[in-house]
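Colleague: One structure, as structure tokens, below. Some questions next.
The values are calculated or read from the model by the stated rules, or taken from the named source; none is laboratory data. For clarity, every value in this text was computed on a predicted model and none was experimentally measured. Cβ placement follows ideal geometry from the backbone for every residue including glycine, while neighbour counts extend to all protein chains displayed.
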Amino acid sequence: MPDDSARRRRAARRGSDGLVTATVLALAGLTAGFSASLALTAITLGHVPLGTSLLVLLLGGSCGPALTGGLSSQVSRLAKPEALPRIFGVDALTYNLAGIAGPALSGLTASLVSSTAAALLMAGLSAAGAVLAAVLPVRQERAAGATGRPSLTAGARAVVANKTLATVILASAVGQLGPGAVPVVAALAAKAHHHASASGFMLTAVAVGGLLGSLLWTARPAPTPRAPAVVMLAMCGTGLPVLVGAITTSLPVLTVALALSGFFLGPLVGALFTARNALSPEEVRAQVFTIGAGLKITAAAAGTATIGLLAAVPLAVQFLIVGLNPIATGLIGLTVLRTLAKRPARARAGAEAEPHPRSVVR
């Protein structure tokens, strides 16, 4: 069986060969499906039963994890291994840019034209993404060492088999419950001050902070072996500034605090992508990324729903809940990672301590 170093050398040679054709077609098709769901909903909303529109959006939303996780998982096929941490920072940077430009374009179009036009614009941008995905460089040959298409559960089994990978994926999902509720608490804080537009400024501050954090990671990425720990530390960093909302209701102060929280999202996402890539087997890497993205999206939605149910709770308590979630998750994740790191060291120490068998004198 080829050793890991040989596998890495082959990966380095293949780094810029391109993607498998079937992968490119799948990514382009899923992006087109997402675009179609937005366009169809924009055109038919109000003319068909609400349940039908929700079903269309549900089907389109199911493409989301494959679009984000699936696309990011392919970066390693297009770049050299030593450049991946920095390139994953650029990948995170594009998410933050889209997080700023998308709502701005949509809001501007809605105010100048109509909400339908805004939705169609977003659908058109998604369609453009499908075209870009379709023209990604491809290679026809199968990856070296592959024995066929992995089963649907292969990615989940790979996550369960690697405790460090499982810790990173689970923590990044659970730690998203709080940040997923940030738009709600920001809107409630703005409403409490009778300044509805302030919530938009606060969310833009989060995105701008994330943009700056991504630039920092891109310029100075952490070494790949440290990526799991950086995920946990950055998670704590996203939660700490949010706790400011528990002691002040000043909108300018909250805006600065949320920008600082967003800043840690850059290293968090860059390190998360780097860790997923390094810890997952190549043949199921797309599945691992998609599983991770799906869990994060689901957790964010669950966080939004949960904080919505707590609308009667004082706003300070809501900020406390939102901030403590990623802090607690990050600290627990760090503890687990340290425990996992000590086990091999203990095993080696135990092996070295075993007495060597004495030679038998005949």
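Colleague: Give all pairs with beta carbons closer than 7 Å in which a residue from region 184-200 that is under 17 Å from Val242 (Cα atoms) meets a residue that is hydroxyl-bearing (Ser, Thr, Tyr) and modelled with pLDDT of 90 or more; count only pairs at least 6 apart in sequence or on separate chains.
Modeller: Val184/Thr304
Colleague: Also, I was wondering about something else. Sort out which residues of region 54-76 are of a type in the set (A, V, I, L, M, F, W, C) and either exposed (fewer than 15 other Cβ atoms within 10 Å of the Cβ) or without any contact (Cβ under 8 Å) to a residue 12 or more places away in the chain (or both), and write them in order of number.
Modeller: Once the filter is applied, which keeps residues that are of a type in the set (A, V, I, L, M, F, W, C) and either exposed (fewer than 15 other Cβ atoms within 10 Å of the Cβ) or without any contact (Cβ under 8 Å) to a residue 12 or more places away in the chain (or both), region 54-76 yields Leu54, Leu55, Leu58, Leu59.
Colleague: Could you tell me which residue of region 77-108 is surrounded by the most Cβ atoms within 10 Å (Cβ to Cβ), considering only residues that are within 21 Å of Gly294 (Cβ to Cβ) and within 17 Å of the chain's Cα centre (by Cα)?
Modeller: Phe88
Colleague: Could you please find all residues in region 175-218 being in a loop (DSSP other than H, G, I, E, B) and over 18 Å from Pro103 (Cα atoms)?
Modeller: Once the filter is applied, which keeps residues that are in a loop (DSSP other than H, G, I, E, B) and over 18 Å from Pro103 (Cα atoms), region 175-218 yields Gly175, Gln176, Leu177, Gly178, His193, His194, His195.
Colleague: While we're looking at this one, here's another question. Hey, does region 339-346 have a residue that's in contact with a helix residue (DSSP H, G or I) (Cβ under 8 Å, 6 or more places away or on another chain) and either farther than 24 Å from Val206 by Cα or at pLDDT 95 or above (or both)?
Modeller: Checked region 339-346: at least one residue is in contact with a helix residue (DSSP H, G or I) (Cβ under 8 Å, 6 or more places away or on another chain) and either farther than 24 Å from Val206 by Cα or at pLDDT 95 or above (or both).
Colleague: Of these, Thr255, Thr249, which one is on the phi < 0 side of the Ramachandran plot and assigned to a loop (DSSP other than H, G, I, E, B)?
Modeller: Among Thr255, Thr249, only Thr249 is on the phi < 0 side of the Ramachandran plot and assigned to a loop (DSSP other than H, G, I, E, B).
Colleague: If you scan region 240-282, which residues turn out to be of a type in the set (Phe, Trp, Tyr) and over 17 Å from Ile87 (Cβ atoms)?
Modeller: Narrowing region 240-282 to residues of a type in the set (Phe, Trp, Tyr): 263-264, 273.
Once the filter is applied, which keeps residues that are of a type in the set (Phe, Trp, Tyr) and over 17 Å from Ile87 (Cβ atoms), region 240-282 yields Phe263, Phe264.
Colleague: Assess whether Ala158 counts as being surrounded by 17 or more Cβ atoms within 10 Å (Cβ to Cβ) and either out of contact with any His (no Cβ under 8 Å at 6 or more places or on another chain) or not in a helix (DSSP H, G or I) (or both).
Modeller: yes
Colleague: Can you tell me which residues in region 4-46 are modelled with pLDDT under 50 and either outside any helix (DSSP H, G or I) or touching a helix residue (DSSP H, G or I) at 6+ places or on another chain (Cβ under 9 Å) (or both)?
Modeller: Across region 4-46, the qualifying residues are Arg7, Arg8, Ala11, Ala12, Arg14, Gly15, Ser16.
Colleague: Of everything in region 196-243, what is in contact with a Ser or Thr (Cβ under 7 Å, 6 or more places away or on another chain) and either surrounded by fewer than 20 Cβ atoms within 10 Å (Cβ to Cβ) or polar (S, T, N, Q) (or both)? Give them in sequence order.
Modeller: Listed by number, the residues that qualify are Phe201, Thr224, Thr238.
Colleague: Let me ask something additional. Can you tell me which of Ala312, Ala300 is surrounded by 16 or more Cβ atoms within 10 Å (Cβ to Cβ) and small (Gly, Ala, Ser)?
Modeller: Answer to the check: Ala300.
Colleague: Given the criteria in a helix (DSSP H, G or I), modelled with pLDDT of 85 or more and of a type in the set (Val, Ile, Thr), does Thr68 qualify?
Modeller: No: the conditions fail for Thr68.
Colleague: Restricting the first residue to region 223-252 and requiring it to be at pLDDT 95 or above, which pairs with a second residue that is surrounded by 17 or more Cβ atoms within 10 Å (Cβ to Cβ) and not in a helix (DSSP H, G or I) meet a Cβ separation below 6 Å and a spacing of at least six or different chains?
Modeller: Listed by first residue and then by second, the contacts come to Val230/Ala222; Ala234/Phe264; Met235/Gly175; Gly237/Phe264; Thr238/Phe264.
Colleague: Taking region 319-336, which residues are within 15 Å of Leu233 (Cβ to Cβ) and surrounded by fewer than 18 Cβ atoms within 10 Å (Cβ to Cβ)?
Modeller: Ala328, Leu331, Ile332, Thr335
Colleague: Find the residue count for region 80-103, including only residues that are among the basic types (Lys, Arg) and assigned to a helix (DSSP H, G or I).
Modeller: Looking only at region 80-103, we keep the residues that are among the basic types (Lys, Arg), and these are 80, 86.
From what is left, the residues that are assigned to a helix (DSSP H, G or I) are 86.
Count: 1.
Colleague: Please pick out the residue among Ala222, Ala229 that is in a helix (DSSP H, G or I) and of a type in the set (A, V, I, L, M).
Modeller: When all the criteria are applied, what remains is Ala229.
Colleague: Given the criterion of a type outside the set (A, V, I, L, M), touching a Leu at 6+ places or on another chain (Cβ under 9 Å) and more than 28 Å from Ala196 (Cβ to Cβ), identify the matching residue among Thr329, Thr306, Thr339, Thr298.
Modeller: Thr329
Colleague: Then there's this: Answer with yes or no whether Gly51 is surrounded by fewer than 18 Cβ atoms within 10 Å (Cβ to Cβ), in a helix (DSSP H, G or I) and within 24 Å of the chain's Cα centre (by Cα).
Modeller: No, not satisfied.
Colleague: Hey, can you tell me all the residues within region 289-317 that are more than 15 Å from the chain's Cα centre (by Cα) and either in a loop (DSSP other than H, G, I, E, B) or of a type in the set (S, T, N, Q) (or both)?
Modeller: Thr304, Thr306, Leu310, Ala311, Ala312, Val313, Pro314
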